[in-house]
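Structure record follows, encoded as structure tokens.
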Amino acid sequence: MNKTIGLLAHVDAGKTTFAEQLLYHTNSIRSKGRVDHQDSFLDTHELEKSRGITIFADQAMMNYQGSTYYLIDTPGHVDFSAEMERSLQVMDYAVVILSAVEGVQGHTETVWQLLRKHSIPTLFFVNKMDRTGADLQAVLEQIHQQLTPHAVMVHGELYANELEEGLVASIAEHDEQLLESYLEGSYDTEIVLNTMARLVKDSAVFPVMYGSALMDEGIDRFLRHLERLSHIEYDREAPFAARVYKVRHESQGTRLTFLKITAGRLRVRDEVQYMDHSGERIQEKVTSLRSYNGEKYTLIEEAEAGQLIAVTGLAEAAVGDGLGELRHRARYELVPALKSRVLFDPKLSVREVQRYFQMLDAEDPSLNVTWDEVLQELYIHVMGAIQLEVLEQVVLDRFKLQVAFGTPEILYKETIAGEVYGCGHFEPLGHYAEVHLKLEPGPRDSGVIFRNECHPDHLSSGYQNLVGQHVLEQEHPGLLTGSPLTDVIVTLLNGRAHNKHTSGGDFREATHRALRQGLEKAENILLEPYYMFKIKVDLELIGRVMSDIRQAHGSFNPPETSGDQAMISGTVPVATFMNYSAELASFSKGRGALSLQIGGYQPCHQSKVVIESRNYDKNADPEYTSASIFCAKGQGYSVPWDEADRHMHVQL
């Protein structure tokens with residue numbers, strides 16, 4: 001049985017040490033490495049060794065009691081959380097590791113929310129029980145209060161003749177039939193265990209185990225529990241389906257596409273089909289299959305459902321793509337809130353620098369590498385300053401290229417306040433397309449949603465699909481600052497094609513013009529990213545902290561006090577709070593604790609200032625125009641957005 005297990009944690013919870021112990025206890029490695037000794041099996045990159053943190057999601061294999069486990073060790077630092085999220089798509093089960101001293105931390109909550117969004121069965125391991133200040137009961141209470149009330153502590157063994165009464169009672173509370181037997185005192189312990197395994201798989205209960213990875217305590221028992229509680233079946237005889245979760249390039253440039261096979265089998269020289277970003281179906285031949293264990297790999301001829309493998313031969317398959325029968329692309333929640341300019345020697349070839357960064361972009365799509373043709377500048381999106389430091393070293397090590405990065409800037413977005421209608425017409429000589437759209441506000445942080453209410457009698461389904469594709473295939477600039485449009489529902493109402501003159505690109509032109517014309521009619525709103533924060537300080541400093549939050553245009557809940565300390569939580573603009581950790585450390589003399597996680601976008605607290613500073617000219621964007629093109633007497637002519645409605649060939 002193939003099982004993919006993800007290991008997730010806040011940084012410094014001991015996740016990599018825990019992974020080393022699992023591999024050692026299953027005889028997958030001969031000796032246990034340590035992060036502080038820079039010899040752990042999974043943190044192999046020099047940057048990971050020098051910084052003592054996981055930066056890249058790597059995988060290892062282990063066999064235990066007849067099951068083949070694929071372990072994915074994910075980054076715990078918030079700056080590399082996008083790498084962590086991409087790995088979630090292929091996990092069968094997840095293990096969240098908590099420190100017995102620090103308990104639930106900021107990034108733990110981010111991880112938990114993503115696991116629940118993807119409905120991944122989850123187990124907890126409370127680590128570092130050997131440390132002074134370890135408090136298992138306090139951590140369990142934090143899990144119940146901040147994550148889930150359905151966490152159940154597992155103290156003893158999961159054997160039919162050794163089940164704890166308290167555990168049986170906890171499981172019975174989640175199953176009516178078992179509860180009835182339990183209350184009658186006639187329950188079967190094997191049925192209790194089977195019920196528990198089912199509830200874990202259904203994400204109805206979440207077992208909590210504990211120990212010390214460093215001291216090798218509780219690891220054997222955890223392995224036994226993991227084997228007893230995890231169960232996954234894949235259909236090896238079904239048509240091939242897989243999900244791409246990682247892309248890497250070898251030193252000589254060979255592109256490796258890492259994927260999880262979710263159904264069927266894959267052999268060397270098989271043809272694989274998938275959809276590229278323009279909506280075209282691509283068919284490519286797999287030229288080799290690799291089974292990776294840490295840095296090392298084995299060439300194999302065939303792989304089956306449930307396996308994690310790397311393939312060569314897929315030149316365009318992107319992270320998140322579905323292959324074969326798996327048609328839909330994965331969507332990711334964690335998006336950077338900052339962007340930075342790439343600074344490099346003007347003597348260097350711009351094309352060469354772009355090529356290197358496009359390779360990095362394929363490996364980490366959240367970088368969203370963009371070239372500003374007007375300014376002749378290269379930009380990337382990032383989570384934070386640590387990520388920039390790592391990228392600088394990665395570019396130097398891999399490409400022997402010395403680069404630096406400009407001061408990170410806020411990534412703004414734009415939306416609209418109410419419902420509007422937009423139309424676009426594109427009819428230069430020999431072309432024809434017309435599109436009518438409805439634009440309305442969508443839920444906050446929902447992105448752009450496409451709906452179709454166009455009758456096939458008015459526009460064929462093929463052209464309707466093209467409109468939807470052009471709405472979703474890329475970000476669209478807003479009118480205020482040119483920042484990406486978001487939180488908008490775009491509905492196709494009507495359209496028109498020509499039997500002879502319409503070609504595929506015509507609907508792209510008409511769709512973009514209809515979007516832009518709709519925005520011209522709308523009340524546009526500038527959005528900025530917000531942090532969700534938690535600050536813990538000595539009670540005497542809480543007044544200072546609340547004053548700082550108000551000055552930063554944030555909001556907060558009433559402080560919670562415990563002894564001589566206070567905890568305060570709330571939301572605050574990233575722009576005003578991104579450097580607050582240093583200030584807090586200074587005035588609290590290092591005793592204050594701050595956890596931040598991106599909490600989505602809200603209306604900008606200083607829209608006018610930002611709009612003026614960006615100085616975006618909506619009428620000079622070379623990629624977008626709100627004007628429509630019509631044709632008369634064999635010549636195309638432009639009609640401005642505010643006159644276009646009455647020229648349209650379809651009247652709503």
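Yes/no matrix, rows are residues, columns are (1) small (Gly, Ala, Ser); (2) closer than 26 Å to GLU102 by Cα; (3) open to solvent by less than 10 Å² (accessible area, probe 1.4 Å); (4) in contact with an Asp or Glu (Cβ under 9 Å, 6 or more places away or on another chain):
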position: MET129; (1), (2), (3), (4): no, yes, no, yes
position: ALA134; (1), (2), (3), (4): yes, yes, no, no
position: HIS174; (1), (2), (3), (4): no, no, no, no
position: GLU180; (1), (2), (3), (4): no, no, no, no
position: THR189; (1), (2), (3), (4): no, no, no, yes
position: ALA204; (1), (2), (3), (4): yes, yes, no, yes
position: MET215; (1), (2), (3), (4): no, yes, no, yes
position: ARG221; (1), (2), (3), (4): no, yes, no, yes
Item to complete: Within the stretch 103-127, work out how many residues are surrounded by fewer than 23 Cβ atoms within 10 Å (Cβ to Cβ) and hydroxyl-bearing (Ser, Thr, Tyr).
Response: 1
Practice prompt. Please verify whether the stretch 337-346 includes one or more residues that are modelled with pLDDT under 90, under 30 Å from VAL111 (Cα atoms), small (Gly, Ala, Ser) and open to solvent by less than 10 Å² (accessible area, probe 1.4 Å).
Written response: yes
Discussion item. I need a count of the residues in the stretch 487-515 that are among the polar types (S, T, N, Q) and buried (at least 24 other Cβ atoms within 10 Å of the Cβ).
Written reply: 1
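Would you confirm whether or not the stretch 350-357 contains a residue that is touching a residue at least 60 places away in the same chain (Cβ under 8 Å) and either crowded, with 21+ Cβ neighbours inside 10 Å or in a loop (DSSP other than H, G, I, E, B) (or both)? Break it down stepwise before answering.
First, pick out the residues of the stretch 350-357 that are touching a residue at least 60 places away in the same chain (Cβ under 8 Å): none.
Checked the stretch 350-357: no residue is touching a residue at least 60 places away in the same chain (Cβ under 8 Å) and either crowded, with 21+ Cβ neighbours inside 10 Å or in a loop (DSSP other than H, G, I, E, B) (or both).
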Worksheet entry | Residues that are of a type in the set (A, V, I, L, M, F, W, C), crowded, with 24+ Cβ neighbours inside 10 Å and within 15 Å of THR491 (Cα to Cα), drawn from the stretch 417-440 | CYS423, VAL435, LEU437, LEU439
Worksheet item: Limited to the stretch 235-260, what total is found for residues that are touching an Asp or Glu at 6+ places or on another chain (Cβ under 9 Å) and either at positive phi or open to solvent by 40 Å² or more (accessible area, probe 1.4 Å) (or both)?
Response: 3
Worksheet entry | Positions within the stretch 467-518 being touching a Phe, Trp or Tyr at 6+ places or on another chain (Cβ under 6 Å), of a type in the set (A, V, I, L, M) and under 18 Å from ASP621 (Cβ atoms), in sequence order | VAL471, ALA510
Item to complete: Determine whether the stretch 280-302 contains at least one residue that is among the basic types (Lys, Arg), over 26 Å from the mean Cα position of the chain (by Cα), open to solvent by 10 Å² or more (accessible area, probe 1.4 Å) and more than 30 Å from LEU596 (Cβ to Cβ).
Response: yes
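Determine, yes or no, whether MET209 is out of contact with any Cys (no Cβ under 8 Å at 6 or more places or on another chain), hydrophobic (A, V, I, L, M, F, W, C) and open to solvent by less than 10 Å² (accessible area, probe 1.4 Å).
Values: out of contact with any Cys (no Cβ under 8 Å at 6 or more places or on another chain): yes; hydrophobic (A, V, I, L, M, F, W, C): yes; open to solvent by less than 10 Å² (accessible area, probe 1.4 Å): yes.
Taking the combined requirement at face value, the residue satisfies it.
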Worksheet item: In the stretch 136-150, what residues are β-branched (Val, Ile, Thr) and assigned to a loop (DSSP other than H, G, I, E, B)?
Response: THR148
Discussion item. If a residue must be of a type outside the set (D, E, K, R), out of contact with any helix residue (DSSP H, G or I) (no Cβ under 7 Å at 6 or more places or on another chain), open to solvent by 70 Å² or more (accessible area, probe 1.4 Å) and not in a loop (DSSP other than H, G, I, E, B), how many such residues does the stretch 618-643 contain?
Written reply: 3
Worksheet item: Within the stretch 311-336, how many residues turn out to be surrounded by fewer than 19 Cβ atoms within 10 Å (Cβ to Cβ) and in a strand (DSSP E or B)?
Response: 1
Practice prompt. Please work out which one of (1) closer than 30 Å to VAL471 by Cβ; (2) basic (Lys, Arg); (3) touching a Ser or Thr at 6+ places or on another chain (Cβ under 9 Å) is the condition ARG281 fails and give its number.
Written response: (3)
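For every residue, the table says whether it meets (1) more than 22 Å from the chain's Cα centre (by Cα); (2) open to solvent by less than 10 Å² (accessible area, probe 1.4 Å); (3) closer than 28 Å to PRO441 by Cβ.
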| position | (1), (2), (3) |
| --- | --- |
| LEU527 | no, yes, yes |
| MET546 | yes, no, no |
| GLU560 | yes, no, no |
| GLY570 | yes, no, yes |
| THR576 | yes, no, yes |
| SER581 | yes, no, no |
| GLY599 | no, no, yes |
Fill in: Subset of the stretch 476-499 (residues that are in contact with a Leu (Cβ under 7 Å, 6 or more places away or on another chain) and charged (D, E, K, R))
ARG496
Response to the item:
Considering residues that are open to solvent by less than 20 Å² (accessible area, probe 1.4 Å), in contact (Cβ under 8 Å) with a residue 40 or more places away in the chain and not in a loop (DSSP other than H, G, I, E, B), the number found within the stretch 367-409 is 7
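The values are calculated or read from the model by the stated rules, or taken from the named source; none is laboratory data. Just so we're clear, the structure is a prediction, and the values are computed from it rather than from any experiment. Please note: Cβ atoms are built from the backbone with ideal geometry, for glycine as well, and neighbour counts cover all protein chains shown. Accessible surface areas use protein heavy atoms only, side chains included; no ligands, DNA or RNA. Shrake-Rupley method; radii C 1.70, N 1.55, O 1.52, S 1.80 Å.
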